[in-house]
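Below: the structure, in structure tokens.
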Amino acid sequence: MIGVFDSGVGGLCAYKELRRLLPREDIIYLADRKNSPYGTKTKDEIIALTKANIKRLSAYGAKKILIACCTASSVHSELLPEEQRLSIPIISPAARLAGELGERIAVIATNHTANSGAFSREIRKTSDACVFEFAEQKLVALVEGGCRDGRVSSECKEELLKIKNKIQEVNADVLILGCTHFSHLEGELKWLLPEVNIISPASEGARELIKKIKCDRTGCGREIYM
Ligand code: DGL
């Protein structure tokens, strides 16, 4: 069984990709709504929540856990070795791909992720691209409140237009959706920024996890949400 967690609906984008690629795998999804949002919390609080989620999912029998939340993934190196071994963070696969694709990389993320510089650090390991990180916490609440591709409120449209201007101002050729909630608006952002390569850590992270597990060909594709 694979465990997946996020503070809310963001990780569902990673879940969808996992389910598409692993139809028989049993998957358990934890949306930690009680403690949402993560992006406005302190580093210590995020570490504590990440540890608790890993513990809870492994108690349910998860053999590998996808941290389908960039904010929680940004503290992965602070976890105990056993917790690190059990879990897959989603920042590095997206950062690697961004470094291969572009020279001016914009990242939109939560307050915590953007201020931590986690994406910049990871991108610099494989590329010397310029990185521009923007905190877009307000968009998390809008997505949590129901905004999705094709279902965008006027307030959400306004936020997306502001983001479009910021990305164009820095002349970015790649945009990382550095908060999994934003993958729900990938279509809108592609439409607004057709010339920019858009990367979703949710999908890249799901593919990374698959590389690291022995797929279950005998499972029945059970789904548990909590
Ligand atoms: N979806 C999460 C992320 O990728 C967290 C959003 C939040 O709870 O602030 O960072």
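Computed from the coordinates by the stated procedures, all read-outs in this text should not be read as laboratory data. Quantities reported herein were computed from a predicted structural model and do not represent experimental measurements. Glycine gets a Cβ as well: all are built from the backbone with ideal geometry, and neighbour counts include every protein chain shown.
Among the candidates 34, 43, which residue alone is more than 13 Å from the chain's Cα centre (by Cα), among the basic types (Lys, Arg) and within 13 Å of the ligand (Cβ to nearest atom)? Explain how you work it out, then say what you get.
Working: 43 fails: within 13 Å of the ligand (Cβ to nearest atom).
Result of the check over 34, 43: 34.
Quick one: which residue in 177, 192 is among the hydrophobic types (A, V, I, L, M, F, W, C), in contact with a strand residue (DSSP E or B) (Cβ under 8 Å, 6 or more places away or on another chain) and surrounded by 14 or more Cβ atoms within 10 Å (Cβ to Cβ)?
On the way: 192 fails: in contact with a strand residue (DSSP E or B) (Cβ under 8 Å, 6 or more places away or on another chain).
So the residue among 177, 192 that is among the hydrophobic types (A, V, I, L, M, F, W, C), in contact with a strand residue (DSSP E or B) (Cβ under 8 Å, 6 or more places away or on another chain) and surrounded by 14 or more Cβ atoms within 10 Å (Cβ to Cβ) is 177.
Looking at the range 187-214, which of its residues are within 16 Å of the ligand (Cβ to nearest atom) and either closer than 19 Å to residue 132 by Cβ or assigned to a strand (DSSP E or B) (or both)?
In the first step, residues of the range 187-214 are kept if they are within 16 Å of the ligand (Cβ to nearest atom); the result is 189, 198-206, 208-209.
Answer for the range 187-214, where residues must be within 16 Å of the ligand (Cβ to nearest atom) and either closer than 19 Å to residue 132 by Cβ or assigned to a strand (DSSP E or B) (or both): 189, 198, 199, 200, 201.
Identify, please: which residue in the range 112-138 is within 14 Å of the chain's Cα centre (by Cα) and of a type outside the set (Gly, Ala, Ser) and is, among those, surrounded by the fewest Cβ atoms within 10 Å (Cβ to Cβ)?
Here the residue is 137.
Out of (1) within 16 Å of the ligand (Cβ to nearest atom); (2) assigned to a helix (DSSP H, G or I); (3) touching a residue at least 40 places away in the same chain (Cβ under 8 Å); (4) not aromatic (Phe, Trp, Tyr), the odd one out for residue 115 is which?
Going through (1) within 16 Å of the ligand (Cβ to nearest atom); (2) assigned to a helix (DSSP H, G or I); (3) touching a residue at least 40 places away in the same chain (Cβ under 8 Å); (4) not aromatic (Phe, Trp, Tyr) one by one, residue 115 breaks only (3).
Looking at 160, 142, which one is in contact with an Asp or Glu (Cβ under 7 Å, 6 or more places away or on another chain), in a helix (DSSP H, G or I), within 14 Å of the ligand (Cβ to nearest atom) and without any contact (Cβ under 8 Å) to a residue 60 or more places away in the chain? I'd like the intermediate steps shown before the answer.
Details: 160 fails: within 14 Å of the ligand (Cβ to nearest atom).
Matching residue, one of 160, 142: 142.
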